[in-house]
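Quick notes on the structure that follows.
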Amino acid sequence: MISVIIPTYNEEANITACLQSLSNQTIRRDEYEIIVVDGNSKDSTCELAQAYADEVMTQTSTKVGGARNDGVLRARGDIVATTDADCIIPPDWLEIIKNDFESHDIVQLYGIVYPIEEGLKHKIYLTSANTFSRVGYYTRSLYYSLGCNTAFDKKAFIEAGMYRCIDAGDDVEIALRMRKLGRVMLDDRMKVGFSMRRFQQFGMIKSVYEWLYIVANGGKASKYSYTKRNYK
């Protein structure tokens, strides 16, 4: 079984579309479970999620990494996959994850992203991000494993210490520890639709700068608020 973990916070505008896409996968529904980990939403996120998820639980750890950790510790699957509530998941996403773990000796798998919203600038930005990810992977200099599109061997993930509970960069940092336990693999076929709402509301340059600033400071947002933002 594959366990899909989705952290949420005030996501009533997006969670239904995300979970509907996860409910229409090419593998059987009994081959995977969906766990929503909610960070005390003030809207109807939990009520909407209950229509699709196998479990909707309240987050007890801090930050988005902690929410994912909470879900993993409740997961029944030997493979755990993480995505975000504002993502759209292609029908073959879980089938690709399943086949890669069966065919390769890996402890972590990750993919690339494409923009949900229309617009040339969104396509250019994510094409650049995906190119950066590929260069990092093939040169073995960086594993740009986004939390919205990553899967782990559950046992190895727990052994590695799971996600750090920090403001940003936890999804990149975890790969550094996972690769000490085994192979970390990028598969270009493993894609998710990525929301550009942060960049639309707060600006692309500012958002990237804030992320880099937090990562450079050990993942702590001493200057910027990066997580649990409210979107228009």
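Just so you know, all these numbers are worked out from the coordinates, no wet-lab data involved. The shown structure was predicted, so the numbers you read here are calculated from the model rather than taken from an experiment. Cβ placement follows ideal geometry from the backbone for every residue including glycine, while neighbour counts extend to all protein chains displayed.
Go through the stretch 151-160 residue by residue and turn each phi into a ³J(HN,Hα) via Karplus (6.51, -1.76, 1.60, θ = phi - 60°); whole Hz please, and just put x for glycine and proline.
Karplus values, whole Hz, x for Gly and Pro: 9, 9, 5, 4, 4, 5, 4, 5, 4, 6.
Expressed as a whole percent, how much of the Cα-Cα distance distribution for the stretch 2-216 exceeds 31 Å?
On the way: 2888 of 23005 pairs.
Cα-Cα pairs of the stretch 2-216 separated by over 31 Å account for 13 percent.
Using Cβ counts within 10 Å as a stand-in for footprinting exposure, how do 157, 132, 101 rank, fewest first?
On the way: 157 26, 132 12, 101 20.
So the residues, fewest neighbours to most, are 132, 101, 157.
Ordered by residue, what ³J(HN,Hα) values in Hz, to whole numbers, does the stretch 58-70 give under the Karplus form 6.51 cos²θ - 1.76 cosθ + 1.60, where θ = phi - 60° and Gly and Pro are x?
8, 5, 10, 8, 8, 6, 5, x, x, 4, 5, 4, 4
Given axes a ≥ b ≥ c from the Cα gyration tensor, I'd like to know whether the stretch 21-143 is rounded (a/c under 1.5), prolate (a/b larger than b/c) or oblate. Spell out each step's value before the answer.
Numbers: a/c = 1.58, a/b = 1.30, b/c = 1.21.
Here the stretch 21-143 falls in the prolate category.
If I model a spin label as a point 7 Å beyond the Cα along the Cα-Cβ vector, how far apart are those points for residue 132 and residue 43 in nm?
Roughly 2.7 nm, to one decimal.
Give the percent of DSSP beta bridges with both residues in the stretch 2-216 that are antiparallel, rounded to the nearest 5.
Numbers: 8 of 31 bridges.
Roughly 25 percent of the beta bridges in the stretch 2-216 run antiparallel, per DSSP.
At most 10 other Cβ atoms within 10 Å and a DSSP loop assignment: could you name the trypsin sites (Lys or Arg not before Pro) in the stretch 94-155 that fit? Intermediate values should be presented prior to the final figure.
Numbers: sites: 98, 121, 123, 134, 140, 154, 155; in loops: 140.
Sites meeting the loop and neighbour criteria: 140.
Working only with C-alpha atoms, what are the Rg and Dmax values of the stretch 1-83, expressed in angstrom?
Expressed in Å, the Cα Rg and Dmax of the stretch 1-83 come to 11.8, 34.
Across the stretch 9-26, in residue order, what do the Karplus-derived ³J(HN,Hα) couplings come to in whole Hz, using 6.51 cos²θ - 1.76 cosθ + 1.60 with θ = phi - 60° and x for Gly and Pro?
7, 6, 10, 4, 6, 10, 5, 5, 4, 4, 6, 5, 5, 6, 7, 10, 8, 7
Ranked by Cβ crowding within 10 angstrom, fewest neighbours first, how are 87, 46, 18, 165 ordered? Display every interim value, and only then the final one.
On the way: 87 22, 46 19, 18 26, 165 16.
With the sparsest Cβ surroundings first, the list reads 165, 46, 87, 18.
How many nm separate the modelled label positions at residue 95 and residue 141, each set 7 Å beyond the Cα in the direction of the Cβ?
In this crude spin-label approximation the distance works out to 3.6 nm.
Points 7 angstrom from Cα along the Cβ direction at residue 13 and residue 105: gap in nanometres?
A separation of 4.8 nm, rounded to one decimal place.
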